[in-house]
Ligand SMILES: Nc1ncnc2c1ncn2[C@@H]1O[C@H](COP(=O)(O)OP(=O)(O)OP(=O)(O)O)[C@@H](O)[C@H]1O
Ligand SMILES: [Mg+2]
């Protein structure tokens, strides 16, 4: 397994900048998730690492070796695609063995590696079947098996779970995390699903419009989003955002929104100006001592908790995550409290985070 280093990597297609100045270090044995909306450049970034695309600028190192100009087959990495790309006329065994055969491995070695991978993945009994005779999850395991037997320097996964139903996806998520620990593998994993990113990644790299927005551990990204994009992308239901102005004063900043003012504790001088205040749904409280008032529009009971959708008098939509037994009625006017120590502040123009 090896360290993967992307240095100022850019890829332009005609008039599209798919990846812009991407720098990312993936440590030996690390599981990094690339996450972002559709078209943000995730697949292109992965294809650059695999060597399936040539960068317009920048370089790629795998295990300390500059592979920028090395063809895919000599990079010693394995990629698992969204559609698995299994050969339909071959059995699972043949599919898994294929990459070793074309590389000239001898039969006993191939047999040993396929058996071992099949055992790790729990598909030992299915090796004689063709992909058409396997379930989605079994096909997915076969595709992973094909990557494992290569014993590559690093694994690249591009949305490998997106064809599976919700239950199986949760199961495979846990299995892939276990597999990562067992193999000690270096993994770059692409998904647009923020839950997958949060649960699987040791670090999450969030991309938007080809640019890396933030790369940090899941909790860090959630607790200290670097900008408005990350704040809005990570977290479900999404963070609530309020437009307003920030006024600096000694010891506290005053945020003046349309429907409320809130003084926020701060360690330093505040940059005054247009600002956006973010508050996570679980940090808001329906409470008599509220910060602002709003009307309940929709109540969504989730079993263990409840999502309460509200609208302020200025039409700002707000979601509160409340206990399952919260008593609110549609059309009721309620007060909502924002704990000042829990809010996030961003510059409205650049979207950059303000303060700690
Ligand atoms: N071969 C290509 N030619 C021209 N434009 C391309 C090509 N491949 C990708 N693009 C463009 O580059 C941008 C990034 O595409 P990419 O496939 O990397 O996004 P993605 O983040 O993987 O999206 P998704 O979540 O939909 O898979 C998009 O605007 C896409 O249209
Ligand atoms: Mg993609």
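The values are calculated or read from the model by the stated rules, or taken from the named source; none is laboratory data. These numbers were taken from a predicted model, which means no experiment stands behind them. So basically every Cβ, Gly included, is an ideal-geometry build from the backbone, and we count neighbours across all protein chains shown.
Listed values, structure above:
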item	result
Residue within segment 186-200 that is surrounded by fewer than 20 Cβ atoms within 10 Å (Cβ to Cβ), within 16 Å of ligand 2 (Cβ to nearest atom), part of a loop (DSSP other than H, G, I, E, B) and modelled with pLDDT of 90 or more present	yes
Residues located in segment 215-252, provided they are within 16 Å of ligand 1 (Cβ to nearest atom) and in a strand (DSSP E or B)	215
Among (1) touching a strand residue (DSSP E or B) at 6+ places or on another chain (Cβ under 9 Å); (2) more than 15 Å from ligand 1 (Cβ to nearest atom); (3) free of Cβ contacts under 8 Å to residues at least 40 places away in the same chain - the single one residue 74 does not satisfy	(1)
Complete set of residues in segment 30-80 that are within 10 Å of ligand 2 (Cβ to nearest atom) and assigned to a strand (DSSP E or B)	34
Residue within segment 303-313 that is outside the structural domain of residue 221 (by TED's automatic domain parsing), in contact with a helix residue (DSSP H, G or I) (Cβ under 9 Å, 6 or more places away or on another chain), crowded, with 19+ Cβ neighbours inside 10 Å and not in a helix (DSSP H, G or I) present	yes
Qualifying residue in segment 56-69 (condition: buried (at least 20 other Cβ atoms within 10 Å of the Cβ), within 16 Å of ligand 1 (Cβ to nearest atom) and either under 27 Å from residue 130 (Cα atoms) or not assigned by TED's automatic domain parsing to the domain that holds residue 139 (or both))	no
Complete set of residues in segment 10-29 that are in contact with a helix residue (DSSP H, G or I) (Cβ under 9 Å, 6 or more places away or on another chain) and within 16 Å of ligand 2 (Cβ to nearest atom)	11, 13, 18, 19, 22
Residues of segment 38-48 classified as touching a strand residue (DSSP E or B) at 6+ places or on another chain (Cβ under 7 Å) and under 20 Å from residue 193 (Cβ atoms), total	7
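For (1) touching a residue at least 40 places away in the same chain (Cβ under 8 Å); (2) closer than 18 Å to residue 189 by Cα; (3) within 16 Å of ligand 1 (Cβ to nearest atom); (4) surrounded by fewer than 20 Cβ atoms within 10 Å (Cβ to Cβ), each residue gets a yes or a no:
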{"site": "48", "(1), (2), (3), (4)": "yes, yes, yes, no"}
{"site": "81", "(1), (2), (3), (4)": "yes, yes, yes, yes"}
{"site": "94", "(1), (2), (3), (4)": "no, no, no, yes"}
{"site": "106", "(1), (2), (3), (4)": "no, no, no, yes"}
{"site": "115", "(1), (2), (3), (4)": "no, no, no, yes"}
